[in-house]
Amino acid sequence: MLPRNIHIRDSLALRLIAGAALWSAIALVAGGIILSSIFRHSVESSFDARLEVLLGSLVATTDVGDRKQLTRTRDLNETRFDFAYSGWYWQIAPLAQRLALRSRSLFDQAIDLTNSTNATRDVSGASFFDAIGPEDQRLRVVERRLMLPGYDVPVSFAVAADKAEMEDDISRFNSTVFTAMAGLGLGILVALLIQVRFGLQPLDRVRRALASIRSGRSTKLEGQFPAEIEPLAEEINSLLDSNREVLERARTHVGNLAHALKTPLSVLTNEARAHPDAFGEQVVRIAATMREQIDHHLARARMAASANVFGAHTPVGPVLTRLARALQRIYVEREIEVSAESVDGLGFRGEAQDLEEMAGNLLDNACKWAASRVELRAMPLPDFRKGRPAFIITVEDDGPGVPEEKWAEVLKRGGRLDETKPGSGLGLSIVTEIAELYGGELRLAASGMGGLKAELILPASSE
C-alpha cells in the first residue's frame, strides 16, 4: 500500500505508475484512433465498391429503344430500390435533358448531382461524392457518364445509398473498440500496480532491515537482494561497520584519556594531602573538582557515542528487576520495599549501562527519600513525538515529596534541597542529560503515594 498524502515527486512508485499509465493511455488512444480510421476506410471502400457494382448492373440493364429512348431490360437485384424513400436510389438522365428513368424509391424526387464537380474519380471513370437526398438523407452517390450506341448525347447513370447504415456500422465498431481499449487499459493499470509493487519489494525489504538495525534487532542488512540493490546493501553494511569501528576507537581514546588524567590527579592529591596546610587543602579541593568535571564530561562523551550506535538493544525487564533487588539490599536497614514491574517484550534502543545508570539514579533517589515503599514500572508509550516507538519508566515513593516550584531546581546540575542526605546532587541532572542524548526526557510530578513521581521516557526497540 502507498502512504497517504504523498506527492508524485516524492514517491518512486507513483512516478513509475503515473509514467507507465500516461504512455499506456497515449498508446491506447492512438491505437483506438488508428483502428477506427482503418475500419472507416474499409467500410467506406466496401460501401463504394457495392455502389459501383450496382452502377455496373444499372448500365448493363439499360438499352436504347427503336425510338431512340432509354429502356430497362430487367430490374436490379435489390428490393430496396422499390420502396419509397428507402435510402437506396438510382436514376438515368441524358445530359442537358430531363430525367428519363429513376427507381421507385425516388418517387417524385431526383438525386442531386450538383456536387459531382467536387467528386473523386476512380480508374473506371466513376465519380464518388456526397449529396442530400429525400427527407434530408445523407447520400453517398456514384455516377458515370457514358455514350450509348444509337444515342446522341452522353447519359448520366447514378446510384445512391443512405450513409446512415455505414455510419451505424462504424459507430458500433467504435463503441466496441472503446470498450475493448478501456478494458485493456484497466488490465494494464492493474498489471502496472502489481509489477511496481512486486518490483519495489526489495526496497521495502531494505527499509524493514534498516528499521531492524535502528531498533536493535540486527546489526547489518541481511538477506539476498537483486543485483541492482546488492551494491547499496554492501555500502550500507560497510558504513555501519565503519561507524562501529569509529565509535569503538573513540571509546578507547576516552578511556585512555580518563586514565591519563586521573593518575596525575591522584598523585597531585596525595602530595597535597601530605602537606596539611591551607595551600594543600586548596589543591585537594581543586583536584577533586577537576576529577568530578573529567568524570562528568568523559561520561557524556561515552553516552553520546553509545546513543548513536545502530543496532543497540537492551531488554528493559531484566535490568529493572536487577536494580530493584540491588537497591532493596542496599537499603535493607531502612526496610524499604522496592517493587519492579515491566511489560513483557519491552526493549530499550540503547546500551544496558546507560539504562542502568538512568534507572539506577532515579531508584536510588527515591529510596533515599522514601518512608517505606518505592514502585518502579515500565510500559509502552505509543503517542510520543510523531508516533516514534517509546516507553516510559515511572518511579514513585511514599516520601515527603518535592513542591512543584522546586522541580526545576532539583533537575539542575548539583541541585540539592537537603544537604543532610548523601550524594552530590548530580543524579537527576545526569539522568536528564543521558535521556536527551537518546531523544527522550525526564519529567517530575506528584505521586499518588504522597512523594515524588519521576517519569523517564526513552526510545523503544523490539525484542
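The values are calculated or read from the model by the stated rules, or taken from the named source; none is laboratory data. All figures in this text were calculated on a predicted structure; none of them were measured in a lab. So basically every Cβ, Gly included, is an ideal-geometry build from the backbone, and we count neighbours across all protein chains shown. Only protein heavy atoms, including side chains, enter the accessible area calculation; ligands, DNA and RNA are left aside. Shrake-Rupley method; radii C 1.70, N 1.55, O 1.52, S 1.80 Å.
Compute the length gained on full extension between Arg273 and Asp122: take 0.36 nm times their separation in residues and subtract their Cα-Cα distance, giving the result in nm to one decimal. Could the numbers behind the result be given before it?
Numbers: separation 151, 0.36 × 151 = 54.36 nm, distance 12.64 nm.
Separation in residues times 0.36 nm, less the Cα-Cα distance, equals 41.7 nm.
Computed from these coordinates, which is volume of the Cα convex hull per residue in Å³: (1) 282; (2) 274; (3) 147? From the options (1) 282; (2) 274; (3) 147, the structure gives (1).
Each peptide in 360-373, 168-181 receives the mean, over its residues, of other Cβ atoms within 10 Å, and ordering these scores from highest gives 360-373, 168-181.
Contour minus end-to-end for Gln97 and Ile286, with contour as 0.36 nm per residue of separation and end-to-end as the Cα-Cα distance? Write out the running numbers ahead of the final one.
On the way: separation 189, 0.36 × 189 = 68.04 nm, distance 13.54 nm.
Gain on stretching Gln97 to Ile286: 54.5 nm.
Taking 7 Å steps out from each Cα toward its Cβ at Ser36 and Ala60 produces label points 3.9 nm apart. A Förster radius of 45 Å combined with the Cβ-Cβ distance from Arg244 to Lys406 puts the calculated FRET efficiency at roughly 0.60. The relative contact order of the chain, computed from alpha carbon pairs under 8 Å that lie at least 6 residues apart in sequence, is 10 percent.
By DSSP, what percent of the beta bridges with both residues in the chain are antiparallel, rounded to the nearest 5? Display every interim value, and only then the final one.
Values: 52 of 58 bridges.
Within the chain, antiparallel bridges account for around 90 percent of the total.
For the chain, what is the calculated [θ] at 222 nm in deg cm²/dmol (nearest 500), taking -39500 (n - 2.57) for each run of four or more DSSP H residues and dividing by its residue count? Before the final figure, lay out each step's value.
Values: 9 runs with 222 residues, N = 463.
It comes out at -17000 deg cm²/dmol, rounded to the nearest 500.
Sorting the segments 82-93, 192-203 by their mean number of nearby beta carbons within 10 angstrom, highest to lowest, gives 82-93, 192-203.
Can you tell me the dipole magnitude for the stretch 95-252 around its Cα centre, using point charges on the Cβ only (Lys, Arg +1; Asp, Glu -1), in Debye to the nearest 20?
Numbers: 20 positive and 22 negative charges, 124 e Å.
Once rounded to the nearest 20, the dipole reads 600 debye.
The modelled label-to-label distance between Glu441 and Val332, using points 7 Å beyond Cα along the C-beta direction, is 4.1 nm. If the segment from Ala18 to Thr71 were pulled out straight at 0.36 nm per residue, it would be longer than the present Cα-Cα gap by 12.1 nm.
What does the accessible area per residue of the chain come to in Å², with a 1.4 Å probe and no ligands, DNA or RNA counted?
Details: 26910 Å² over 463 residues.
For the chain, the per-residue accessible area is 58 Å².
Relative contact order of the stretch 167-278: 13 percent, from C-alpha pairs under 8 Å at least 6 residues apart in sequence.
Under 18 Å from a label point set 7 Å out along the Cα-to-Cβ vector of Asn237, the amide N atoms of the stretch 186-211 belong to 202-211. In this calculation the C-beta distance from Arg80 to Ala180 is compared with R0 = 35 Å, giving a FRET efficiency of 0.60. Averaging Cα coordinates gives a centre for the stretch 171-234 and one for the stretch 40-79; these two points are 64 Å apart. Going by a ≥ b ≥ c, the root eigenvalues of the Cα gyration tensor, does the stretch 128-257 fall in the rounded group (a/c under 1.5), the prolate group (a/b larger than b/c) or the oblate group? Prolate shape, in that a/c is at least 1.5 and a/b is the bigger ratio. Take every pair of alpha-carbon atoms less than 8 Å apart whose residues are at least six positions apart; their mean separation over the length of the stretch 40-136 yields a relative contact order of 17 percent.
Less than 5 angstrom separates the built amide H of Ser461 from those of Gly347, Phe348, Arg349, all sequence-distant by 5 or more or on a different chain. Given R0 = 30 Å, the distance between the Cβ atoms of Leu189 and Val43 translates into a calculated FRET efficiency of 0.45. For the peptides 224-237, 41-54, 444-457, the ranking by mean Cβ contacts within 10 Å, running from highest to lowest, is 444-457, 41-54, 224-237. Measuring nothing but protein heavy atoms, the accessible surface of the chain at 1.4 Å probe radius is 56 percent carbon and sulfur.
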